[in-house]
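First comes the structure, then the notes that go with it.
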Amino acid sequence: MKRFGQFCPLAQASQLLCERWTLLVVREFIAGSTRFSELQKGVPLMSPTLLSTRLKQLCETGVITKSGTGSKSVYQLTQAGKELTPIVQLVGAWGHRWVQTSLVVEDLDASLLMWDMRRSVSTEVFPNNRIVVQFEFPDASEGATDWWLVSEDGEVELCLTDPGGEVDIVIRSALAAMTAVWTCQTTFKEAVRKGEITVFGDPKLAKKLQDWLQSSALSRLGSLGDMPDLLWKTA
């Protein structure tokens, strides 16, 4: 960890949190990830070696704890880690409002998009019986063009291979179009109206897609007005 050589609390915190990838790893913990494999899905371009290094640093500085060994290791935020939640929210919301101007190809990632969607969809919108929603991204990289979200009994499973059974809804979209919906740059209904997203299947379920998919939590916060007051009240 590179040091700034300053006693200022902001400098001391920045030494840890401003290391490359660190805040994104913390974001994944806040989103509910507890295992190495889950963290990798949230930061797919981060090397396993670097992820291991960052986890060791976060453990040593008391941001997370680790229990178990090997593939059975489980990580949890400490009180210090939990207190980072409003900070991460505020940085993400600020980025949505002031930094993000356009979606470039280098920033598009089907696996990250689908992983974030899987853990953020509103499970109460669809009935408890098995509902399968297939996503088709013709312009995604090889091996990442087809995805399935399986909703059943309040749980959602993400599949990269056909889970079998009947598909209730098929959503066909360019990767940039669906990412724009997820980051609150447009709505699902507006993208469908413009022909940027095409929906096939059960019309009754299709009407619920906007409420089911919702959007990225950080992007929703960034779309709100009085961010600082709202976020710090969650601490």
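The values are calculated or read from the model by the stated rules, or taken from the named source; none is laboratory data. Since we're looking at a predicted model, the values are computed, not measured. Cβ atoms come from the backbone with ideal geometry, glycine included; neighbour counts cover every protein chain shown.
Taking the residues in region 118-132 that are more than 20 Å from the chain's Cα centre (by Cα) and crowded, with 19+ Cβ neighbours inside 10 Å as candidates, determine which candidate is nearest to Gly164 (Cα to Cα).
Val132
With respect to the numbered conditions (1) in contact with a helix residue (DSSP H, G or I) (Cβ under 8 Å, 6 or more places away or on another chain); (2) part of a helix (DSSP H, G or I); (3) at pLDDT 95 or above; (4) among the hydroxyl-bearing types (Ser, Thr, Tyr), which one is the sole condition not fulfilled by Thr49?
(1)
Quick check on region 133-178: of everything there that is among the hydroxyl-bearing types (Ser, Thr, Tyr) and over 16 Å from Ile197 (Cβ atoms), which residue is surrounded by the most Cβ atoms within 10 Å (Cβ to Cβ)?
Taking the candidates together, the pick is Ser151.
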